[in-house]
1. Using the structure shown, decide if ILE59 is within 10 Å of the ligand (Cβ to nearest atom), farther than 30 Å from PRO292 by Cα and in contact (Cβ under 8 Å) with a residue 60 or more places away in the chain.
2. Find the residue count for segment 321-351, including only residues that are surrounded by fewer than 18 Cβ atoms within 10 Å (Cβ to Cβ), within 16 Å of the ligand (Cβ to nearest atom) and either under 20 Å from the mean Cα position of the chain (by Cα) or of a type in the set (Val, Ile, Thr) (or both).
3. Residue check, CYS302 against (1) surrounded by 15 or more Cβ atoms within 10 Å (Cβ to Cβ); (2) in the same structural domain as SER232 (by TED's automatic domain parsing); (3) within 16 Å of the ligand (Cβ to nearest atom), all met but one. Which one?
4. Of the residues in segment 171-181, how many are assigned to a helix (DSSP H, G or I) and at pLDDT 90 or above?
5. Mind listing just one residue for me: the one in segment 36-47 that is assigned to a loop (DSSP other than H, G, I, E, B), out of contact with any Asp or Glu (no Cβ under 7 Å at 6 or more places or on another chain) and near the ligand (Cβ under 8 Å from one of its atoms) and, of those, nearest to GLY7 (Cα to Cα)?
6. What are the pairs, 6+ residues apart or on separate chains, where a residue within segment 339-354 that is on the phi > 0 side of the Ramachandran plot and in the same structural domain as ASP236 (by TED's automatic domain parsing) has its Cβ under 6 Å from a residue that is more than 7 Å from the ligand (Cβ to nearest atom) and modelled with pLDDT of 95 or more?
7. Among the residues of segment 225-250, count how many are under 22 Å from GLY38 (Cα atoms) and of a type outside the set (Asp, Glu).
Amino acid sequence: MKLLVVGAGFAGAVIARELAQHEMGSVVVIDRRDHVAGNAFDPVHARTGARYHKYGPHIFHTNSRAVFDYLSQFTQWLPYHHVVNAVLPGGTASPMPINRDTLNIHFGLNLADESEMRDFLQGIREPIAQPTNAEEHLFSIYGRELTDLFFGRYTFKMWGLKLAEMPISVVARLPVRYGNEAQYFDDEFQGMPREGYLPLIEKMLAHERIEVRLGTAFDKAMEDQYSHVFNSMPIDEYFENRFGPLPYRSIKFEHRFDESFDYDVPTVNFTDSGEYTRKTSWALYPGCGGSPGDHVTYEIPCSYEDNNFERYYPIKTIDGWPQRRYKQYEDLARTKGNMTFIGRCGQYIYYDMHQVVANSLSIAKKFIESSGS
Ligand SMILES: Cc1cc2nc3c(=O)[nH]c(=O)nc-3n(C[C@H](O)[C@H](O)[C@H](O)COP(=O)(O)OP(=O)(O)OC[C@H]3O[C@@H](n4cnc5c(N)ncnc54)[C@H](O)[C@@H]3O)c2cc1C
């Protein structure tokens, strides 16, 4: 078979590798960008000589041993447990997700253990038995003051939506801490690829049956030349917005060099109502190199129309209209026998890297099995 994979991000790279490995035929991978690794691209910056993540900090974490073992064929790992601080008005930095230290710092308390923390939260939380949106969910755990301070303005900057307009699932990703643990994720496997994400993906694509063509955008004329296309381009773009565009949030990155960075953690969140959501000192991520102030990147969320149609985050609203619209595209895509949409923009799902790897492995397996191999 001649197979085409559109997009050299995690989704496309995993599928291409699986098809090649299982001798399904020759695999051509195209990407309209001039690099592989998709949004996980982490080149060495020409000015600093140190690594940074071009499309925002990417932290690998998973509870799936299968995904971890799969990726470990292509990389070794540097140990890293993600820790984030929220900068409060006045400049104090406190742990995020909220934990006991956060409350002690913010309220000037001395909560000594988990049970004191639970008692304190019990006194400030709102008794909402069945929260219907992200705001009510957070009110029911942290009360109003902490919700507004740590989530309200941040979420509005990030999504352009109020917490009350968002489903619970958007904030439920964050663990609720009653102890002092500062780590952001609880997953069993966490780390950074030793040489970076770019070499990981390059190694995955380095196979005699895979050919990579960069700077090559998908063209519908290509469909006739291949037995099957695995497509990670935005599904609405493929169907020329037949049911209207799917909304995405995007981010503009502002790079600053040689400025001070006074935090112990690589990424801090801004809780104020200014335009920035986060800033990152790349040197504080293992494997990046350099010194903390060498290269600091600020993030300014925006609509994707304001950022050259760079689609980063599929949007979820309380009434679910984007997912309903996606469903129309998904149904239409089912009528195309020789094309499978994959990845964050092909399936319009807010996938993390481990999720997109798991999903792509499963898509490849199904295809291979259905082809009788
Ligand atoms: C700011 C940000 C931070 C993130 N942080 C994390 C994190 O900390 N941890 C984590 O696990 N995940 C994180 N993610 C998610 C992670 O980036 C995705 O899970 C992963 O990139 C999805 O891979 P993908 O292949 O589906 O998409 P992508 O990485 O977006 O790759 C798709 C590729 O397809 C190409 N393409 C699109 N259209 C066409 C076309 N018409 N023709 C040719 N090529 C095309 C694009 O150029 C792109 O290279 C983050 C994402 C963003 C945006």
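The values are calculated or read from the model by the stated rules, or taken from the named source; none is laboratory data. All of these numbers come straight from a predicted model, not from anything done at the bench. Quick reminder, even Gly has a Cβ in these numbers, built from the backbone with ideal geometry, and neighbours come from all protein chains shown.
1. no
2. 2
3. So the condition that CYS302 fails would be (2).
4. Within segment 171-181, residues that are assigned to a helix (DSSP H, G or I) and at pLDDT 90 or above number 1.
5. Our first condition is that a residue be assigned to a loop (DSSP other than H, G, I, E, B); within segment 36-47, this holds for 36-37, 41-43, 45-47.
With out of contact with any Asp or Glu (no Cβ under 7 Å at 6 or more places or on another chain) added as a condition, the list becomes 37, 41-43, 45-47.
Restricting the remaining residues to those that are near the ligand (Cβ under 8 Å from one of its atoms) gives 37, 41.
Numbers: ALA37: 9, PHE41: 13 Å.
Filtering first and then ranking leaves ALA37.
6. These pairs meet every condition: TYR348/LEU246; TYR348/PRO314; TYR348/TYR326.
7. 16
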